[in-house]
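What follows is one structure encoded as structure tokens, with my remarks underneath.
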């Protein structure tokens with residue numbers, strides 16, 4: 001009898017130890033993976049140049065235990081509404097202040113969370129080839145109101161300058177269209193709004209043929225790695241601030257390129273952020289250099305490595321090279337309780 005009691009005691013002791021061990025593992029797993037059991041639906045515009053930054057956020061969320069679905073692609077205005085409604089959890093490519101109207105129309109701060117400074121120092125504006133700029137002393141877009149100057153950039157021989165412009169729905173088209181009227185360019189400039197990758201490829205081909213070019217672009221993006229400002233092309237200033245949001249676009253250095261300096265931010269569903277402090281903290285502190293994104297975009301272009309699979313390799317390489325910083329974001333997110 002005594003021996004049986006000892007056996008039962010030892011069995012109970014082992015069971016208790018096993019229970020404590022399993023509980024400890026559960027607690028540790030919960031601390032390391034605060035997102036376990038929670039599904040996230042990311043969204044993004046259908047732009048290869050934004051895959052990289054979206055993937056870095058996705059990979060961080062996965063290491064926190066969240067289950068992340070395949071990215072849904074649609075236009076920026078629809079993305080903001082979908083985030084507000086909870087159909088999409090977050091987007092990593094909200095341009096502030098360019099997308100301010102999309103943010104407000106989707107419900108603003110009542111329905112959306114807009115945290116951190118994911119990619120700061122994003123520039124936009126108009127550029128022309130440096131050869132033409134230097135030869136005719138062109139420094140300001142208002143000079144293209146002169147038919148003789150505008151004709152220098154006439155690609156389709158209709159007597160008007162051809163601007164490789166912005167895709168409808170991106171936000172930048174509103175600014176360009178507003179400035180076409182403000183700077184009296186309607187009679188001398190055509191704002192071409194096709195698929196951006198196609199129209200900028202045509203501009204690059206024309207440049208390589210020694211022809212004059214006039215285009216809109218932004219950073220971070222690969223275009224400024226192919227047509228390098230200061231070497232191949234030059235930025236055009238605008239005569240004064242003229243913006244549909246009635247904002248001052250003059251920079252601190254006195255230059256005015258017609259667009260405010262933007263910061264790409266993570267916009268997420270407000271309710272999700274409240275219920276998920278780990279994800280909220282990640283969205284607040286994660287940041288990538290604009291130069292790193294431009295460098296990845298240039299690799300994508302030069303090595304013909306576009307698409308999601310290539311961007312995932314690039315994101316993995318970036319995380320490996322910046323692992324200490326990446327881990328510090330995860331640590332802070334795990335501690336956000």
Is it the case, given these coordinates, that residue 45 is touching a strand residue (DSSP E or B) at 6+ places or on another chain (Cβ under 7 Å), surrounded by fewer than 21 Cβ atoms within 10 Å (Cβ to Cβ), touching a residue at least 60 places away in the same chain (Cβ under 8 Å) and not assigned by TED's automatic domain parsing to the domain that holds residue 218? yes
Please return the ranges of strands (runs of 3 or more DSSP E) entirely within the range 64-151 where 3 or more residues are free of Cβ contacts under 8 Å to residues at least 60 places away in the same chain and within 23 Å of the chain's Cα centre (by Cα). none
Of the listed residues (235, 218, 222), the one being touching a residue at least 40 places away in the same chain (Cβ under 8 Å) and over 18 Å from residue 176 (Cβ atoms) is 222
Report the residue count in the range 152-176 for those that are part of a helix (DSSP H, G or I) and touching a residue at least 24 places away in the same chain (Cβ under 8 Å). 6
Looking at 46, 51, which one is part of a loop (DSSP other than H, G, I, E, B) and either over 26 Å from residue 110 (Cβ atoms) or at pLDDT 95 or above (or both)? 46
Anything in the range 319-328 that is in a helix (DSSP H, G or I) and either under 16 Å from the mean Cα position of the chain (by Cα) or free of Cβ contacts under 8 Å to residues at least 60 places away in the same chain (or both)? List them, or say none. 320, 321, 323, 324, 325, 327, 328
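The values are calculated or read from the model by the stated rules, or taken from the named source; none is laboratory data. Every value quoted in this text rests on a predicted model; they were computed, and no experiment measured them. Ideal geometry is used to build each Cβ from the backbone, glycine not excepted, and the neighbour counts take in all protein chains shown.
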